[in-house]
Amino acid sequence: MVDLARVLTANGKQYYAGKPISIQECQKFGLSRYLPSPELIKAVNLAIFLEKRPLLLKGEPGCGKTTLAQSVAHELGLPYEPWYIKSTTRARDGLYTYDAVGRLHDAQLSRVEKASNSKVENLDNYIKFGSLGRAFKNEQRTVVLIDEIDKADIDFPNDLLRELDEQKFTIEEKGEEVQANYPPIVFVTSNDEKDLPDAFLRRCLFYYIQFPYSQLSNIVESHFPNSSPKLIEAAVKRFSELRQKVEKSKAGKKVSTSELLDWFAVLRQFPEDEILKQLEGEIPFPEVLLKKWEDHLRYLKYEA
C-alpha cells in the first residue's frame, strides 16, 4: 500500500493514524472511542492532502460517520466545528447569519432613549459566523463536520460549491470578502435519504463505511476494557446473528454498534454465568436492540 503518511509529511502536512483514544481522554473530552479501518484512514489522509476536497461518508445510521470527524480533530489537535443539518438549514447558515431584526430593535430603542447608535452602525455586532465561517477565520486548520447533508433541501449542496472550491465567501451586508486562512478538513455525512447533485459529488472524495462485523469484538473491548472475553464473544455472536436475520429479511430496523454498546453495558452488570446461559437461548433485554414491535414479533417470538 502507498505510504500516504510519508507523502503528507514530505509536504509539511499532518496525517491521521487512527490511534485509539484512551478511556480517560474519552471521559475528559466527551468523546467516543473509534477504531477506523486501514481503508478509511487512507481516505481521511487523501482528504487532508487534497485540501479542497471534502470527504463524503455514507453508511447506515450508527456506523460511526459522525464520530470519525471528532476522532480526527482530537488526534491531530485541531479545532472541531460541527454543523448539524436540518430540513430548514440554508447553506449561508454555515458561513454566517445576520440579525436584521435585532439591529432594527436596537435602532428603535436608541431613538426612543435618544442614546448613541454606535452599536447599530457597527454591523459586526449583528453578524454571527457559522461552523464553516469560523473554520475559514481560524488561525489554524480546522476539522468541519457537515452532518446529514441529505436532510437539507436539494439545492443546499450546490449552494456551497463556490465556498468549498474557492475557500472564501462574501458577507453581503458589508460587501466584505472572507478568505480562508487555512483550508479546513471537511467531512460530509449522508444517510442516502436523497441523491446528491453530480456537481457536488464531483468535488468530493467518497467512502462507504461498511458495518464492521469483523471489528465488533475489538469495538466492545475498547469501550469496556477488562471485560470477560467469553462474554464479549457470546454477546457479539448473538448480536451478529440478530442483525444478519434483519439483513436477510430486508425489513425492520438494523441494529447498530451504538445499540450493541448499550446492550453490552447492561449485560455486564449481571453474573457472567447467568448471562452466558441466557445468550444461548433467548435474547436478554431485547428492548435495547429492537425498536419496533414488528421486529420483536419477527425476530424473537417466531425465530428465537
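Highest mobility in the GNM of the chain, judged by mean-square fluctuation with C-alpha springs under 10 Å and restricted to E113, E139, E166, is found for E113. DSSP beta bridges confined to region 13-152 are antiparallel in about 40 percent of cases.
Looking at region 113-168, the trypsin sites (Lys or Arg not before Pro) that sit in a DSSP loop and have at most 12 other Cβ atoms within 10 Å of their own Cβ are K114.
When the residues V7, V101 are ordered by accessible surface, computed with a 1.4 Å probe over the protein chains alone, the sequence from largest down reads V101, V7. For V186, nonlocal amide neighbours, meaning residues 5 or more places apart or on other chains whose placed amide H falls under 5 Å from its own, are L55, V144. Over region 215-303, the fraction of Cα-Cα pairs per 10 Å bin, rounded to whole percents and listed from the shortest bin up, is 16, 53, 27, 3.
How would you rank 193-200, 23-30, highest first, on the average number of other Cβ atoms within 10 Å across their residues?
Result, highest mean first: 193-200, 23-30.
Within the assembled protein chains, the solvent-accessible surface assigned to D155 is about 90 Å², based on a 1.4 Å probe.
Summary of packing: across the peptides 74-81, 50-57, the per-residue average of other C-beta atoms within 10 Å ranks them, highest first, as 50-57, 74-81.
The helix-only estimate of mean residue ellipticity at 222 nm for the chain, built from DSSP H runs of length n ≥ 4 each weighted as -39500 (n - 2.57), is -12000 deg cm²/dmol after division by the residue total.
The values are calculated or read from the model by the stated rules, or taken from the named source; none is laboratory data. Note that this is a predicted model, so its numbers are computed, not measured. Because the Cβ atoms are built from the backbone with ideal geometry, glycine has one as well, and the counts that use them run over all protein chains shown. For accessibility, only protein heavy atoms count, side chains too; no ligands or nucleic acids. Shrake-Rupley method; radii C 1.70, N 1.55, O 1.52, S 1.80 Å.
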